[in-house]
Each structure stands twice: as C-alpha cells, then as structure tokens.
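Colleague: Questions regarding the structure given below will be posed in turn.
Nothing in this text is a laboratory measurement; each read-out follows from the coordinates by a stated rule. Keep in mind it's a predicted model, so treat the numbers as computed, not measured. Every residue, glycine among them, receives a Cβ derived from its backbone with ideal geometry; neighbour counts consider all protein chains shown.
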Amino acid sequence: MTEQQTAQHVAEQPGASGAYQAHFRVWRGDTDGGALSDFTVEVHEGEVVLDIIHRLQATQAPDLAVRWNCKAGKCGSCSAEINGRPRLMCMTRMSVFERTETITVTPMRAFPVVRDLVTDVSFNYAKAREIPAFVPPPELGPGEYRMQQEDVGRSQEFRKCIECFLCQDTCHVVRDHEENKAAFAGPRFLMRIAELDMHPLDAAPESGIDRKRTAQDEHGLGYCNITKCCTEVCPEHIKITDNALIPLKERAADRKYDPLVWLGNKIRRRTE
Amino acid sequence: MAHVDRQTWDVVVVGAGGAGLRAAIEAREAGMRTAVICKSLFGKAHTVMAEGGIAASMGNANEHDNWQVHFRDTMRGGKFLNHWRMAELHAREAPDRVWELETWGALFDRTPDGRISQRNFGGHEYPRLAHVGDRTGLELIRTLQQKIVSLQQEDEKEFGAYDARLKVFQECTVTRVLTESKSGSATGSGKVSGTFCYERESGRFFVLEAPAVVLATGGIGKSFKVTSNSWEYTGDGHALALLAGAPLINMEFVQFHPTGMVWPPSVKGILVTESVRGDGGVLRNSDGKRFMFGYIPDVFKEKYAETEDEGDRWYEDPDHNRRPPELLPRDEVARAINAEVKAGRGSPHGGVFLDVSTRMPAEVIKRRLPSMHHQFKELADVDITAEPMEVGPTCHYVMGGVDVDPDTAAATGVPGLFAAGEVAGGMHGSNRLGGNSLSDLLVFGRRAGLYAAEYVTGLTARPAADPLQIDAAEAEALRPFSAEGEEREGAADRGPAENPYTLHQELQQAMNDLVGIIRKESEMFEALKRLADLRVRARRAGVEGHRQYNPGWHLAIDLRNMLLVSECVARAALEREESRGGHTRDDHPAMDRSWRNINLVCELADPQGDARAADPSLGQIRLARRETPPIRRDLLELFEKDELAKYLTDEELTR
Amino acid sequence: MHTPSRAAIPARHLRTDRWWLAPATTAAGLLAFIVYSTWRAFANADYYSAPYVSPFYSPCLAENCHTMRGGPNWEIFGSWWGLSPALLILIFPLGFRLTCYYYRKAYYRGFWASPPACAVAEPHKKYTGETRFPLILQNIHRYFFYFAVLVAGVLTYDTVLTFRDEHYAWGHMGLGSLVFLANIVLIWAYTLSCHSCRHIVGGRLRHFSKHPVRYRLWGWIGKLNERHMLLAWSSLISVALADFYVFLLASGAFADPRFF
C-alpha cells in the first residue's frame, strides 16, 4: 500500500488523533523455520491485536498468514500467543498494553505450524472423533424430550465452548510432551465427555458405553494434574477444571476407586 | 489440466454453516457419499454469530401459536413479497427440525415443564424462538457438527474410515461450479458435473466431481463497509450460481440490522442481538425519548402499543396488551434509527442508545444476555448492566439469492445445482424476521440434501467434468500472481497492479454510501459507474508471495464474487421504484402494490466469456422482471381482507 | 518443547509478566508452613494449656498425651508409642490437603514446576501425570475427606471446650476461644468446599430435579468451592495461628486475656 492509501485509511477512523506507533514482533515462517520479525505499526483508539495484524497485512506484509473469522470472540479462529500467553487476537484490546511495550505475537506452540500465525489444529478434530457421540434415548421420539433447566445447566456451560483450542494449546501435558498426544484428549474433549455424562437424557450407559471409565482408560484423564491453565486461558470463562475435569475425575473415582459406590450399585441393581 | 487432483463424490455441499451441514446430514443419510467444503475450519461458520434463536411454532410458551400464525408473521415481515410456498413449508416444518436437534444432543433452554423455552422477537406474534441464552447459533452449529461426527463414527465402524461416506474439506474455497458442456464451450450451462476448488493452506487446486452441488455459502455482507458479517460472506454461492448459469432474484433486498455496535471503530457493525429488545431493552435518542413510538407505520398501527405503559405491560401480559414498537420488523427499526441520527438526536458515536440497565436487574441481564454482556465488556469496555449501549444499523442479511424451486431447493436452469439458506432467495421476501434464518437453514438445508440425493439417484449417467473448464478455472485462479507489470492484450487490462485490499475497501465504501440503507437513483448510477471501474481494476489485482496460505490472493479471488453480487444489488435497487422491506428509496418512499408480485431476476449478461467484465461501459448483469405465482387461496384466507388490501392489488384481491 | 513440525521458537516462553511470582509465593508459603508444622509436630511439648488444646494434637490418641479432662484424648496407642502423638493424627489432615485438588495445583506448580506457569515450558523430559503410582493415589481424596470431616468434628468439640475455664468449669471465654472459633469456621468452610464433597453431595447426580435438597446443597457447596483456594490458605494459616496461640500460652510467654 502506498503512503496516501495508508493516510486515507487513517482518516476514515474517528479519533485518529489518538493514534500512535506500536512495536510488534510477529513470528513469520513455516515448518522449515522462521523468526520473529519486527514491525512498527499504527494503532488507533479502541483497537484489538487482530486489527493491528490486519493493518500489517494491508500495509506491510500482504502475505502474512493469519486465521480469523468473526472478529467478535464467537468463532474461536484467531487463537495465537500474545506476549507468550495463549489468547484470541480479536479479544485482546491494545489498551491493555503500554504504548511503549513491544508486543510479541506467535502462533500456538502446541500444534504444528502451517505458516506465520496459522497452525494445523487437526489434532483437535481427530480427538473429537474419538469421543462417542450423544446416544439418544430409544424410547423417546423428537418432540418428546423433557428436561429441567437445572438438569441441563451444567452441560450448557460446556457447550459455550467456541473450540478456539487455547486450552489444548496451553495444557502442558501435550504442549511440553508431544508424545502424550496419542493418549490424551486434552481439556476440550475431556470436557466434552463430562458434558455428555451430565446430559440428562444421554443413553450411553444403557447402550454399554461407560463414559466415566473410558474418560480415564481411553482418553487420558489421569494425565491432567489440574493445574488449571485451561481455565485460565478460556475466553468463554468456562470453569473447565472445577466444573468439568474434577467432577469427571470424581466420577471416574466412583467407578474405579470407591468400593462403597461399587457395592451400593451392586446391591441396588440386585434389588431392582 | 491433467495434474489437477480429482475425487468423485455423489453430493458436494459448498459451505458448512447451518444449511450446509443440515444438507450434508440429509444427503449422507439418504445413502449419498457426501463432501462438505468450507472456507473456515469446521464448526466456525458464520451461523455461530446468530444469537436470538430458531423460530418454530412449537407452542411451548403460548399454546395459541401454530404454523399458520408463523406463516402470517413471515409474510407480513417480508411485505408479502415472499414466495408463499417457501414461507408455508418453512412454517410447517420448523418445529420438526428443532425437535430433531434435541435427538442429536442440543440443549435448549427449558420451560418449567421441561419443554423447549421460546422467546419473543421482532415481528413474531407469540414467543417463538427456541434459544440457548444468546448463543443459539453456536448451539446449532455444534449440534450439527457433532451429528456429522457421529455419522462419521458409524462409517468408521462399518468401513474403517471416518471419511468413507462423509468428508469435510475445511479451509478450502470453491471458485467454479463445473457443468457439462452443452456445445463444447468453456462455460456451458448444462448439468452440474462438480466443483473446482483450492486448499487455502497449500494453494493446491483440486476438483470434486459430483452430479449434484448444494450451495450453502451464506450472504454478501462483506461488500459493505459496516456489516455484521464475517470475512467469509463474499457472495461466493451467489456468484457461483450466476457463473454456472443460474439466476438470482430479489437482490435489491438487503437487511440492515438496526442494532450493530458503533464503537470502537474496529468492531463497528458487530451485532447486538434483537433479544436485547425482546427481553425488555428500549431505544432512546439523545433527548432520552423512546422515539420508536413515533415511527409505527400505518400497516402496523393496530398491532403495536401507543404508550410506553402499554408496551411495558406487554412483557408480562402479552394477551391483553400490544407489543412495544421496539419490536417492529428490522427494516422499520433500522430506518427509524437512521432518521434519528440524521436529525441530530444521535449518541456521541453516531448511533442511538439501547438500554437494558434501567429495565432489568444486573443478574437478570447477565443470565439472559451473557454474551452481550461479555461482548460489550471485552470489546467496548461498557458494562451493559450499568449504562446504555450505543447502536446503529449494520448490513446483516441478504434476502435475495439463487432462484430456487420452493419444494426441492433446486436452482433454476442448472440441473444438479441446489441452494439453501441465505444464498437462496425468495423465502423471506423483502425482509427477514429475526429467528427465521436459523429455521430456514434447517428446513431448506434438509430439503436441499434430500432432493439432491433424489436427483443423483434418478440419474442414469454422470456428467463428466469438462477439462476445458478446469483449465479455464485454473487460469482464472492464478491470474493475480501474474498481474504485476504485465502487459496483456486489450487496453482495459493495462496499468499497474492493484492492491486487492484497497479495491475491497473502495468497494465496501461505495456500496455503503451509495446502495446502503437509504437509496437514491443518482447515487445508484454513481455506484454502477464505480463498480465498473473497480471491475476493470480488479482484473489487475496482483499479489506477492506464493500460494501457501496467502490471504491477499484469497481476497483477489473473492473480489470477482463481490463485484458480481454488488452489481446485482445495485442494478435491482435502481430498477425497483418503490420502498419495501430491505429496500428503501428516498425518491420513491411509498410501498407500491403493483410491485408486490414482481421479482427482479439477475442473470449473467455474457455467459460465454468475460468480454463485458473488461469493458467499463457495459455491465455483467442483465435484469428481467418476473411475476410470482398467485398465493394459494387457503393461505390467503389466513389474513383479514383489510390487511390484504394494503399489500395486494385490487385485481389480485378479486381474482 | 520443540518438534520439527512446530514453530521454531527457541525461547522457553515469551511471557513478559512476572509469571514466576505466583509459584514462588506459593512455594514460600507452603515451605514456611511445613517448617513450622514439622517443628511443632515433633516437639511433643507446649500443646496444651487448659482449656485449649493445639489442633495439631487433637484428637490425642496415645498414652503419652497430656491429660486433658473431657478433651478428645483416647489412649488407643499404648505406652509403646514414644513419639509425638501429633504424628498419629496429622496424617489425616496432611493427606486431605496433600490430595486436595487445590493443593495439588499449588505444589505441582510451585515445587514440581509441572508447569511452573501457563505457557511456560516445564523442565521435565517425561510426564505421566496422575496415571500411575504414586500419583494415581490422588484418586483416594474422598477417603481423606471423610476423615477430615471427623477431625473437623473433633476440633469443633475442642472449640466448645474453650468455653470452660482452666478448672474445667463452664462459662469462660478468652481471646483463645475467639481464635479457636475463627479457626474452626475456616476449617469447616475449607473441608466442605472440597471438590469431593461437592461431588458426593450432588455432583454425582444425573437429575438434579429429582433431588431438590441435594441440588440446593450442591449449589451452596459450589459457591464455597469457588473460594476453595482462599479457604485452603486461610484455614492453613488459622490452624497454625491457633497452634501458635496455644504454644504461647503453654510455654508461659503470654496469658490468655479473658472476656468473662
């Protein structure tokens, strides 16, 4: 873009008087290698980091790769790491930084890089497929489902998930140990198991799927050491650890480590 | 070109939003090997932005509701320009489509007796919107996504591969729908034979050969500067249909949602859900006045409250009070806000005030409007429980789209091409009611998938993909890499390479200023001139770098679609000399009954080549008028005679 | 961690904030408590000053316990037990806190650096989490919770006994009573806010609507549970303070001010 085009762009923005120059370091590269590149770029009042990345694209680096979509924190596409912290670029306001601060933007580090800020998140889609789906109760037809609000509330919290995969990125189990990826579903998909296990009408138990047991045996719940980074980075403020992972650990403990519960279930089943 | 990778499928669905995924599920369940192709990651489609709910007359909140009432509301909202058969099918089938979602794991908010809770929305007579807080679109997408995964799990058990019968090609773009050549020409409009696509990640081209293609690409909002739409909404499906030989209808009708954020600039246009008003939020101008009471049009006079007291009582007792005018159809509210701002009674950043803080306790706001609370807190640093929001109109939805058969969703003129959702035209008439979009996606997404499968089953031979077309499509897609400094034959192509970002900004500015919410003849002439100029310059849009994840290149390709669609909007808007729904003419402010049953049909003027695209004196789009079939008698009888007289001509009434 | 396919960023982390502050503070706080409690637990002295018994020594289960009339001392362990009686009982609160979901986070981060902070690489080559021995034993947290309830019951009894005077006559209240009262409230709040408790009370149910009372309890405990970290620390400090108060009284460094 030429200088006058940049100027025109600035003039379009109300409050352009509050504009300043910010220092950015953006990781550029691909699987063959890369490095942090320095940029000086204009910032206007009320902007977020994604706006600045777009300005870089439009003015200085037209082939800078970045994945984004809704720009309103609803789709979870623009996940990256800003000053070393996993965040959505569209929900990180520039006003949280000092004007003199150098802002470093890198791709998510737990996933293979495609190019620049874009990573290959297929790990997550593969894990999603390994979780057995909702099992509809065979005796109920469409329109016959009756559920109380208090019974759906817990799972609804987890369904707020926008699948930005920041929790998967920050979780040290796979972030720091690539070899654990095969055995560990990650917070997002352990939460999915919790969501289904708490669904008031999921008929998995009747169809022979024990979500509580498989969470530990097949999806790596035991790898989680509840250090809560997933909760810390969740842009939807879902209490992943307290409301999904720990309850799931307790449910697994019901199944595997609690003879009282085991005995109780045996007796109850016999008397039924 | 021989080296382009080819795969064979039965049905290809373009777009993985609500309509696309629903179509894919239906086609796969009908036994088709189905491919879904989408520009974003799977599960990120623009449908996630829908907040309010899914309109379906289940009658859970008010037992008087039924499909006839829903049909009536839809027709009224669309100012009777809707294709009545689509509105009928939509109203009849929406409840089943919602209930079906529950069997796939959706968790809607509940009524005290355990059924799906339904909320009020603009233009709907009864509480009708099934919802999950204000993130219904996310729930819809996630449910459909998880249903697809569950089908893939079945296939994995049966065939050992998740992708055996249903595959999602994510982050891929379709640039052409391929058709069987009729006369050996490169762009013949015979039967569909497949799609030409590229992977955004690698830039690799590939062809999906399939006898049926379902377009479910959504809308065109990215041609406008202030829009609630995401980057994907570049009118791809509209343009693909046109280029394949299928016409578009009703393209002049573009919905401006009355309440988009106006500040800060970077989020200008992002939606503020209508549920804010449905749940009790009110609009005020800078004088603190609830100005909507002054903007109730005659056709709606009997249906809306005249005093603030009556409007406020309605939230508690809807059977004995009329609803407040904040809940008028979107076009009315958008125009009213526009007028208030123009009259100098706007908010500091050029909108009006939308207030819930004085209407509900903070906890109620946080519970019922969680993502709005979150959105304003995080993006604008505004606490909506303590202060009003500033809002203004934003381009939100295009009512126009591919001309389809109302029952089968088959596109006119191109056998094997189907369209569903926002990309299809007709269902919403001149203006869409809130909540009718998500139900539209499900009802017609399913129909498109079903009839695409039926079409494929009925074929005796599969049309072959034409190698000439594939070569042409590849050359077209590669053009931006060779634009710089190149001297081509033909004067129009000469000149320096253009930055696609600049072109896009100019296009958005032109459409916003000249074909926006209020339209004038002179401005639209100007718009057509600018579009022609942009079209010529867009042929020189050049990009640097390589094909791997190159956003500049992607935009250069999308520009073709946006320019085509924008021309449709501008030409049709210029032609329709009345104001109706999402089309407001400053120079023809009244609704004209004689225009009601006229559809404006857009077709490619030069389907055989691109000579006209290169010539600024010509346009690419040819307009035709077409009458809609008369409304079936039993449907007409659902309305009072007096009301019909406002919309239908005397001749139509006596027929 | 870097693998060939990931972005080649050599730095262990790119955080610019003081991310080390939280784990360092946690580690320092826990260490301070460990040092103090080890000294007090092995001291076997200055833990009783009628009517106050240090929470570290209650219930007192050995023959060598100080005589506490009416107090919770039962001579389950005979004269052969020569060590401090505190060691017999501290195992339970120690086990409860060691397997507590909050403390696990605190010491995994603070002591084991696994991870030291979010998005800061951990120094270990391998990681198996709680999948195998010994950490798989964390799953028995709920048994420690059951014991913790019993211990909290005993400490409640101790608190009631602080309303006797040094001659075991009722109708006394000293500053120590207040200290004990504050401590027992925090102990209960911490114990009940436990994740296992939340699970047992209602979390394991599938249909809250069929168990309205348990649902309501679950909701209350959920509210407490949100403050589990705060309660973990404040009860840790209060129990040490209560013990220290008894130490001051028993060693004669300080006389308990009486209200009546």
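Colleague: Which of C:177, C:234, C:113 sits farthest toward the positive end of the charge dipole of the stretch C:112-238, with +1 on the Cβ of Lys and Arg and -1 on the Cβ of Asp and Glu?
Modeller: C:113
Colleague: Taking θ as phi - 60°, what are the ³J(HN,Hα) couplings along the stretch B:141-157 by the Karplus curve (6.51, -1.76, 1.60), each to the nearest whole Hz, with x for Gly and Pro?
Modeller: 4, 5, 4, 5, 4, 6, 5, 4, 4, 5, 5, 5, 5, 4, 5, 5, 5
Colleague: Here's a follow-up. For the pair residue B:586/residue B:299, report the inter-label distance in nm, with labels modelled 7 Å from Cα in the Cβ direction.
Modeller: Computed distance between label sites residue B:586 and residue B:299 equals 2.3 nm.
Colleague: Further question on the same structure: What is the extension gain from residue C:74 to residue C:20, computed as 0.36 nm multiplied by their sequence separation minus the C-alpha to C-alpha distance, in nm to one decimal?
Modeller: That works out to 14.8 nm of additional length.
Colleague: Karplus couplings for the stretch C:113-120 from phi (6.51 cos²θ - 1.76 cosθ + 1.60, θ = phi - 60°), rounded to Hz, Gly and Pro as x?
Modeller: My calculation for the stretch C:113-120 gives 6, 10, x, x, 7, 5, 6, 10 Hz in order.
Colleague: Now for a separate question. What Kirkwood Rh does the stretch B:197-271 have if only Cα atoms enter the pairwise 1/r average? Answer in Å.
Modeller: On the way: mean 1/r = 0.0674 Å⁻¹.
About 14.8 Å, per the Kirkwood formula over Cα pairs.
Colleague: For chain A, with the dipole built from +1 on Lys and Arg beta-carbon atoms and -1 on Asp and Glu ones, taken about the Cα centre, which of A:260, A:234, A:149 lies farthest toward the positive end?
Modeller: Toward the positive end, the furthest listed residue is A:260.
Colleague: Moving on to the next point. Which far-off residues, 5 or more places away or on another chain, put their amide H under 5 Å from the one on residue C:60, with H placed in the peptide plane?
Modeller: So residue C:60 has HN proximity to C:73, C:74.
Colleague: Going by the alpha-carbon gyration tensor, a ≥ b ≥ c the square roots of its eigenvalues, is the stretch A:131-271 rounded (a/c under 1.5) or, if a/c is not under 1.5, prolate (a/b greater than b/c) versus oblate?
Modeller: oblate
Colleague: Given DSSP loops and a limit of at most 15 other Cβ atoms within 10 Å, what is the longest stretch of chain B that contains no such GluC sites (Glu not before Pro)?
Modeller: Longest stretch, sites excluded: B:64-305.
Colleague: For a footprinting-style exposure proxy, rank A:54, B:83 by other Cβ within 10 Å, fewest first.
Modeller: Numbers: A:54 21, B:83 26.
Ascending Cβ contact count within 10 Å gives the list A:54, B:83.
Colleague: Check chain C for me: any Cys whose beta-carbon has no other cysteine beta-carbon within less than 4.7 Å?
Modeller: Result for chain C is C:100, no neighbouring Cys Cβ within the cutoff.
Colleague: Could you compute the FRET efficiency for residue B:606 and residue B:525, with r as their C-beta to C-beta distance and R0 at 25 Å, rounded to 0.05?
Modeller: 0.70
Colleague: If you average the sequence gap of Cα pairs under 8 Å that are 6 or more apart and divide by the length of chain B, what percent do you get for the contact order?
Modeller: Relative contact order comes out at 19 percent.
Colleague: Treating the beta-carbon of each Lys and Arg as +1 and of each Asp and Glu as -1, no other charges, what is the dipole magnitude of chain A about its Cα centre, to the nearest 20 debye?
Modeller: So the dipole magnitude of chain A works out to roughly 840 debye.
Colleague: Another question, if that's okay. So if each residue of separation counts as 0.36 nm, and I subtract the Cα-Cα distance between residue A:263 and residue A:31, what length gain in nm does that give?
Modeller: Stretched fully, the residue A:263-residue A:31 segment lengthens by 78.1 nm.
Colleague: With a/c under 1.5 counting as rounded, go ahead and sort the stretch C:116-173 into rounded, prolate or oblate using the C-alpha gyration tensor (a ≥ b ≥ c being the square roots of the eigenvalues; past the cut-off, prolate if a/b is larger than b/c, else oblate).
Modeller: Prolate, because a/c is 1.5 or more and a/b exceeds b/c.
Colleague: Tabulate in residue order the Karplus-calculated ³J(HN,Hα) for the stretch B:430-446, using 6.51 cos²θ - 1.76 cosθ + 1.60 with θ = phi - 60°, rounded to whole Hz; enter x for Gly and Pro.
Modeller: Per residue, the Karplus-derived 3J(HN,Hα) values read 8, 6, 9, 7, x, x, 7, 6, 4, 5, 4, 4, 6, 5, 8, x, 4 Hz.
Colleague: What's the long-distance tail for the stretch A:74-146, i.e. % of Cα pairs beyond 19 Å?
Modeller: Tail fraction, whole percent: 56.
Colleague: Also, quick follow-up: Report the residue, chosen from C:240, C:45, C:148, that carries the largest GNM mean-square fluctuation when chain C is represented by alpha-carbon nodes joined by springs under 10 Å.
Modeller: Highest fluctuation of the listed residues: C:45.
Colleague: Mind sorting B:408, A:40 by how few other Cβ atoms lie within 10 Å of their own Cβ, fewest first?
Modeller: If I rank by nearby Cβ atoms, fewest first, I get A:40, B:408.
Colleague: Say R0 is 35 Å: what FRET efficiency, to the nearest 0.05, do residue C:260 and residue C:146 get from their beta-carbon distance?
Modeller: That pair, residue C:260 with residue C:146, gives E of 0.40.
Colleague: Still on this structure, please answer the following. Compute the Rg/Rh shape ratio of the stretch A:201-243: radius of gyration over Kirkwood radius, all on alpha-carbon atoms.
Modeller: Reported Rg/Rh (Cα atoms, Kirkwood Rh): 1.10.
Colleague: What FRET efficiency comes out for the pair residue B:164/residue C:207, r = Cβ-Cβ distance, R0 = 30 Å, nearest 0.05?
Modeller: 0.20
Colleague: Among all cysteines in chain B, which have no other cysteine Cβ under 4.7 Å from their own Cβ?
Modeller: Cys with no partner Cβ under 4.7 Å: B:38, B:172, B:197, B:395.
Colleague: If you place +1 on the Cβ of every Lys and Arg and -1 on the Cβ of every Asp and Glu, how big does the dipole about the Cα centre of chain B come out, in debye to the nearest 20?
Modeller: About 440 debye.
Colleague: In nm, to one decimal, how far is the modelled label at residue C:43 from the one at residue C:223, with both set 7 Å along Cα→Cβ?
Modeller: 3.8 nm
Colleague: Is there a pair in A:181/A:212; A:249/B:366; A:71/C:223; A:239/C:125; B:225/B:529; A:71/B:79 whose C-alpha atoms are over 22 Å apart, and which pairs would that be?
Modeller: The answer is A:249/B:366; A:71/C:223; A:239/C:125; A:71/B:79.
Colleague: Under 4.7 Å Cβ to Cβ, no partner at all: give me those cysteines from chain A, in residue order.
Modeller: A:78, A:90, A:161, A:164, A:171, A:224, A:234
Colleague: Can I ask one more? As an exercise, take the mean of 1/r over every pair of distinct alpha carbons in the stretch C:1-122, invert it, and state the Kirkwood radius in angstroms.
Modeller: 17.6 Å
Colleague: Here's a follow-up. With +1 assigned to the C-beta of every Lys and Arg and -1 to the C-beta of every Asp and Glu, and no other charges, what is the dipole magnitude of the stretch A:121-240 about the Cα centre in debye, to the nearest 20?
Modeller: 220 debye
Colleague: If each DSSP helix of 4+ residues adds -39,500 (n - 2.57) and the sum is divided by the residues in chain B, what number results at 222 nm, nearest 500 deg cm²/dmol?
Modeller: -11000 deg cm²/dmol
Colleague: Taking every pair of alpha-carbon atoms in the stretch B:269-419, what share in percent sits in each 10 Å bin, from 0 to the bin with the longest distance?
Modeller: All Cα pairs, binned at 10 Å, distribute as 10, 34, 30, 15, 10, 1 percent.
Colleague: Could you work out the per residue convex hull volume over the alpha carbons of chain C, in cubic angstrom? Provide the component values of the computation, followed by the final result.
Modeller: Working: hull volume 48.8 nm³, N = 260.
Per residue, the Cα convex hull of chain C comes to 188 Å³.
Colleague: Once you sort the root eigenvalues of the Cα gyration tensor of the stretch B:138-277 as a ≥ b ≥ c, which label holds: rounded (a/c under 1.5), prolate (a/b larger than b/c) or oblate (the other case)?
Modeller: oblate
Colleague: Enumerate the helices in chain C for which the Kyte-Doolittle hydropathy averages 1.0 or more and the C-alpha atoms extend at least 20 Å along the helix's axis, using complete DSSP H runs.
Modeller: Span-like helices in chain C: C:21-43, C:141-161, C:175-192, C:228-250.
Colleague: Which three lengths, in whole Å and largest first, does chain B cover when its Cα atoms are put on their principal axes?
Modeller: In descending order, the Cα extents are 71, 59, 58 Å.
Colleague: 5 Å is the cut-off here: which amide hydrogens, built 1.01 Å from N in the peptide plane, fall below it relative to residue B:400, excluding neighbours closer than 5 in sequence?
Modeller: Distant-sequence amide H within range of residue B:400: B:253.
Colleague: Considering the Cα trace of chain A, what is its radius of gyration and what is Dmax, both in angstroms?
Modeller: For chain A, the Cα-based Rg and Dmax read 23.0, 83 Å.
Colleague: I've got another one for you. Working from the pairwise distances between different alpha carbons, so that the mean of 1/r is found and then inverted, what is the stretch B:219-341's Kirkwood radius in Å?
Modeller: Result for the stretch B:219-341 stands at 16.6 Å.
Colleague: How many nm is it between the label spots at residue C:92 and residue C:28, if each spot is 7 Å from the Cα in line with the beta carbon?
Modeller: 3.4 nm
Colleague: Any chance you could list P(r) for the stretch B:513-605, counting all Cα-Cα pairs in 10 angstrom bins from zero, rounded to whole %?
Modeller: Using 10 Å bins, I get a P(r) of 15, 38, 26, 14, 6, 1 for the stretch B:513-605.
Colleague: Considering the Cα positions of the protein assembly as shown, please state its Rg to one decimal place and its Dmax as a whole number of Å.
Modeller: Rg, Dmax (Cα atoms, Å): 33.1, 114.
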